[in-house]
Amino acid sequence: MTRNGKHAVVIGLSAAIVSVVEERPSVLVVRPGGGDDALPFGPFDPIAHRTLDSGLRAWVDEQTRLELGYVEQLYTFGDRGRHALKPGEGPRVVSVGYLALTRQSGAAPATPWRDWYRYFPWEDWRDERPSVIDEAIAPALESFARQAPDRAAAENRRDRIRLCFGLGGLAWDEEKVLERYELLYEVGLVAESARDGRADPSHTLLLGDSMMFDHRRILATAIARLRGKMKYRPVVFELMPASFTLFDLQRTVEAISGVRLHKQNFRRLVEDQGLVEGTGKVSALARGRPAELFRFRREVLRERPSSGLRVGSRQRTSA
């Protein structure tokens, strides 16, 4: 409460709009003032906006000229310091984050698509274990553990580090995107830590591209939600064209999850789940033999409440 007895709170709306093209998982960003990338965002107007959802769609349309399809609410972000970076610098902002899935189409020129791995380079294991983990992250996190006030606290920190980054022989869990980012923020390994006054700028490694406010945290939440949800709901098909090859579908799932999948197991699961059906057509490839085209069976949404892609990766264990 302020000295005059009034609360100053603004409800903001932020959207992580995701698409996948040519095996590149991307998010639509805006750059207000030419600074850091940001998710499309704006305040909720209780007079002009009938619902939070309609307010979000209005802001996205105004900033990106993109009409949203699939949208779901993620989380409410209200930490002090999100927008007001100095004491007394305007009202407290409580932001409602959303995840939106779309196929890339024409958007406003000032709203480019960005590969989301530029913000989280440690999350892409498709080709190999990211070098940034061994070269920068693991040493810095071990130093963080050693600086704990006592032995018990040090072991708790090491347990958290192992679980988040799959170190010490533990499996890599692709869904722990938010936990990993928050650990890096706490240790001071991302630019937002220094910007928010939580780390010494001279000691910050600046891992990944920064984003305005806490938008990288919102994006981490969106990626984690999508990686988890596509295992029990067929949301990945919101990113696919009307017809596609099973190879294209697998590559899209891999792009989102950040890990390679076993080809035969993936195809067997897709077919056993009844998620797709053949179109009777083939795709003419530039090289190799033509591949059969499939479409998503929307009837599966009525047939089974849990109809996702629970597939295992080929490389999940860290050193």
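The values are calculated or read from the model by the stated rules, or taken from the named source; none is laboratory data. Predicted model, so just to flag it, every value in this text is computed and none were measured. Glycine gets a Cβ as well: all are built from the backbone with ideal geometry, and neighbour counts include every protein chain shown.
Summary of values
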{"quantity": "Test for residue 122: is it aromatic (Phe, Trp, Tyr), buried (at least 18 other Cβ atoms within 10 Å of the Cβ), in contact (Cβ under 8 Å) with a residue 24 or more places away in the chain and in contact with a strand residue (DSSP E or B) (Cβ under 8 Å, 6 or more places away or on another chain)", "calculated": "no"}
{"quantity": "From 159, 134, 200, residue being more than 30 Å from residue 32 (Cβ to Cβ) and free of Cβ contacts under 8 Å to residues at least 40 places away in the same chain", "calculated": "159"}
{"quantity": "Residue within the range 96-103 that is in contact (Cβ under 8 Å) with a residue 60 or more places away in the chain and surrounded by fewer than 18 Cβ atoms within 10 Å (Cβ to Cβ) present", "calculated": "yes"}
{"quantity": "Considering residues of the range 193-218 that are modelled with pLDDT under 90 and assigned to a helix (DSSP H, G or I) only, the residue surrounded by the most Cβ atoms within 10 Å (Cβ to Cβ)", "calculated": "193"}
{"quantity": "Residue among 174, 186 that alone is surrounded by fewer than 16 Cβ atoms within 10 Å (Cβ to Cβ) and of a type in the set (D, E, K, R)", "calculated": "186"}
{"quantity": "Failed item in (1) crowded, with 19+ Cβ neighbours inside 10 Å; (2) at pLDDT below 95, with residue 249 passing the rest", "calculated": "(2)"}
{"quantity": "Unmet criterion (only one of (1) at pLDDT 90 or above; (2) under 30 Å from residue 187 (Cβ atoms); (3) of a type in the set (Val, Ile, Thr); (4) crowded, with 19+ Cβ neighbours inside 10 Å) for residue 132", "calculated": "(4)"}
